[in-house]
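A short write-up of the structure that comes next.
We did not get these values from a lab; they are worked out from the coordinates using the rules stated. Quantities reported herein were computed from a predicted structural model and do not represent experimental measurements. Positions of Cβ are backbone-derived with ideal geometry, glycine not excepted, and every protein chain shown enters the neighbour counts.
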Amino acid sequence: MGDTYLISGLTAKRAEVSGIIADLEKRIAQHRAGLVHIDAVLRLCAPDVVPEEIAPKAVRKRNDWFKPGELARMVLDVLRIAPAPMTVRDIAVEVMQRRGLDTTDARTGKLVTKLVHNAVTRQAADLVERVEDGKVVAWRVDG
């Protein structure tokens, strides 16, 4: 019939994936039922509101590298000890080193750089200053 290890592995993997799908379908059904109840209460309390016109809120998946708020604090720590303004990429490399992530991994570097960019641009204007030198944008702690 073929390689029994291959067949066994594929059978186990199929069972796992179909179980995940069944669980997700069950959770979808539960969420849909909850949504129907919320819509009914909305219609009772605010008849002028059309629930179907309410835009869905985007679900953001948190990364496993940083706890909530940890990256923002780490970015500020890096900038506080920096002798000169730093680019987002430079900050990302420093953060990766502190976190023990592989700085030579291009994919991880790109993802962390994006996270650092988001963290630095969300900082209050009185904490972080944007420094532009031609096309290069760098950041430093204000003050």
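Assorted remarks:
- Residue in region 133-142 that is more than 19 Å from Arg60 (Cβ to Cβ), free of Cβ contacts under 8 Å to residues at least 40 places away in the same chain and outside any loop (DSSP other than H, G, I, E, B) present: yes
- Of all the criteria given as (1) part of a loop (DSSP other than H, G, I, E, B); (2) within 30 Å of Glu132 (Cβ to Cβ), the one not satisfied by Pro47 is (2).
- Entry remark, region 64-85: residues being more than 15 Å from Gln123 (Cα to Cα) and among the aliphatic types (A, V, I, L, M) number 3 in total.
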